[in-house]
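The values are calculated or read from the model by the stated rules, or taken from the named source; none is laboratory data. Quick caveat, the model's predicted, so the values are computed rather than measured. Here the Cβ positions follow ideal geometry from the backbone for every residue, glycine too, while neighbour counts run over all protein chains shown.
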Amino acid sequence: MTIWFLIAFSAITAFAFRALPFAFKNSTALTQTQGSFYRFISYSAQAMLGVIIYDTAFNKKDALTLIQQFETLDALKLFLLIGTFIAVAKTRKILPAFFASLFIYVAAFIYLNG
Amino acid sequence: MMTAGTSTRSSVANVFIEGARDAITFGVAFIFLYLSIGILSATQSLSLSQALATTLLIFSTPLQFLLIQSYNDGWILLPIIVALNARFVLLSATLAPYIRSTSTTKTMASLILITPSIFTGCVTRFKHKTDHPFTYMIGLGLPIFGVSIICTYIGFIAGAKFTSPAIYAAMTLLLPLQFTALAGKHWPHYSEVSSYWLGFVGAPLLVYLFKDYSLLCTPFIIGGLIVLIENNYKKRGGVAP
């Protein structure tokens with residue numbers, strides 16, 4: 001199978017899934033933003049971001065594997081993620097906390113890996 | 001004297017500029033991410049047109065990383081691609097009420113811009129400002145999309161010269177830091193924030209239950225749970241004096 005086929009398949013499915021909800025944009029389920037269905041979709045979207053972030057930061061490890069293989073850098077990742085969240089919630093500014101955390105992590109990685 | 005039409009145009013232009021300004025905040029990680037995608041494409045022997053096509057036609061960082069790193073796996077990737085793309089339904093469904101008055105042609109042409117970062121930027125704004133939501137989405141999304149294409153190109157041209165373990169380490173934390181920062185912007189909307197962190201905490205636990213379909217199932221379990229709690233809380237609040 002060629003890479004071009006995979007790119008085309010990915011592009012078509014991405015477009016289809018992005019477009020699908022707009023076919024129902026006038027249905028009451030999607031127009032009532034305080035309704036249970038819309039809130040369910042909205043909260044599920046946030047939860048999905050949380051899942052993606054865990055999978056990216058900790059390489060999709062299950063709980064047991066994470067505990068067994070827990071390293072200093074994993075602890076630092078957790079600390080920086082929580083710290084970034086608190087800093088942004090308090091200051092309402094994204095960039096300072098983002099860059100500070102990224103700098104600390106890269107510096108720690110270089111220090112720990114020589 | 002300023003006419004109503006001029007005032008509306010100026011207002012639309014202002015919203016677009018506000019979106020473009022927010023693109024600096026919401027899109028900064030894209031510079032690093034798409035440089036990485038360009039670099040990785042070069043090291044994995046993709047052509048420049050293939051590297052650029054992934055950004056131009058797909059514009060989804062997890063899927064692009066998967067394609068570039070694992071395209072030799074072939075057919076086995078198809079269900080994973082569908083699963084990864086299915087998440088866009090949630091993002092589009094959440095944005096749909098805000099931009100439903102926009103023409104179908106414009107909406108279809110802008111669909112590529114619906115990514116988690118642009119989605120979060122829009123939702124954060126639409127919670128307190130709902131003027132010209134489509135213009136804001138375009139103002140926010142277009143610069144991010146443009147920069148991502150340019151960075152894919154630069155990364156590809158620079159190729160393997162940039163590769164180092166430190167860069168790969170930074171790449172693993174770029175997206176998590178960006179989304180966690182964006183989640184911080186939702187504070188004090190407790191339900192959204194709780195959903196995000198429950199997704200994070202639930203991922204390593206619910207993977208035992210849902211295995212490879214965890215990304216598809218876990219968010220709905222959490223979304224449903226939060227709505228149940230919220231509805232129950234409201235009901236009790238209504239009964240209480």
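Summary table below
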| quantity | calculated |
| --- | --- |
| Only listed residue being out of contact with any Ser or Thr (no Cβ under 9 Å at 6 or more places or on another chain) and either in contact (Cβ under 8 Å) with a residue 40 or more places away in the chain or within 30 Å of residue A:72 (Cα to Cα) (or both), chosen from B:159, B:139, B:155, B:146 | B:139 |
| Top-ranked residue of region B:90-134 - restricted to ones that are more than 26 Å from residue A:8 (Cβ to Cβ) and of a type in the set (D, E, K, R), ranked as modelled with the lowest pLDDT | B:127 |
| Residue within region B:171-192 that is touching a Ser or Thr at 6+ places or on another chain (Cβ under 8 Å) and farther than 20 Å from residue A:97 by Cα present | yes |
| Residue in region B:100-136 that is nearest to residue B:64 (Cα to Cα), counting only those that are assigned to a helix (DSSP H, G or I) and small (Gly, Ala, Ser) | B:117 |
| Region A:50-68: number of residues that are over 14 Å from residue B:174 (Cα atoms), within 7 Å of chain B (Cβ to nearest Cβ) and not small (Gly, Ala, Ser) | 4 |
| Options B:29, B:42: the member that is in a helix (DSSP H, G or I), more than 16 Å from residue A:8 (Cα to Cα), within 17 Å of the chain's Cα centre (by Cα) and not basic (Lys, Arg) | B:29 |
| Qualifying residue in region B:175-193 (condition: of a type in the set (Ser, Thr, Tyr) and farther than 20 Å from residue A:75 by Cα) | yes |
| Residues of region B:208-220 that turn out to be more than 20 Å from residue B:85 (Cβ to Cβ) and facing chain A (nearest Cβ under 10 Å), as a count | 1 |
| Residue B:92, sole failed condition from (1) within 21 Å of the chain's Cα centre (by Cα); (2) in contact (Cβ under 8 Å) with a residue 24 or more places away in the chain; (3) within 9 Å of another protein chain (Cβ to nearest Cβ) | (2) |
| Flag if residue A:89 is in a helix (DSSP H, G or I), touching a residue at least 12 places away in the same chain (Cβ under 8 Å) and farther than 25 Å from residue B:66 by Cβ | no |
| Hits in region B:67-89 (condition: crowded, with 16+ Cβ neighbours inside 10 Å, more than 8 Å from chain A (Cβ to nearest Cβ) and modelled with pLDDT of 80 or more) | B:68 |
| Some residue of region B:110-126 being more than 25 Å from residue B:188 (Cα to Cα), without any contact (Cβ under 8 Å) to a residue 40 or more places away in the chain and out of contact with any Asp or Glu (no Cβ under 8 Å at 6 or more places or on another chain) | yes |
| Selection status of residue A:83, small (Gly, Ala, Ser) and more than 19 Å from the chain's Cα centre (by Cα) | no |
| Enumeration of residues in region A:57-88 that are closer than 14 Å to residue A:108 by Cβ and acidic (Asp, Glu) | A:71, A:74 |
| Check on residue A:74, over 22 Å from residue B:178 (Cβ atoms) and within 18 Å of the chain's Cα centre (by Cα) | no |
| Qualifying residue in region B:9-24 (condition: facing chain A (nearest Cβ under 10 Å), out of contact with any strand residue (DSSP E or B) (no Cβ under 9 Å at 6 or more places or on another chain) and crowded, with 16+ Cβ neighbours inside 10 Å) | yes |
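Residue-by-condition table, conditions (1) assigned to a helix (DSSP H, G or I); (2) more than 7 Å from every other protein chain (Cβ to nearest Cβ); (3) of a type outside the set (Asp, Glu); (4) closer than 29 Å to residue B:234 by Cβ:
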site: A:8; (1), (2), (3), (4): yes, yes, yes, no
site: A:23; (1), (2), (3), (4): yes, yes, yes, no
site: A:33; (1), (2), (3), (4): no, no, yes, yes
site: A:70; (1), (2), (3), (4): no, yes, yes, no
site: A:85; (1), (2), (3), (4): yes, no, yes, yes
site: A:105; (1), (2), (3), (4): yes, no, yes, no
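Table: residues versus (1) surrounded by 16 or more Cβ atoms within 10 Å (Cβ to Cβ); (2) in contact with a His (Cβ under 9 Å, 6 or more places away or on another chain); (3) within 8 Å of another protein chain (Cβ to nearest Cβ).
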| site | (1), (2), (3) |
| --- | --- |
| B:171 | yes, no, no |
| B:183 | yes, no, yes |
| B:191 | yes, no, yes |
| B:201 | no, no, yes |
| B:205 | no, no, yes |
| B:222 | yes, no, yes |
| B:226 | yes, no, yes |
| B:230 | yes, no, yes |
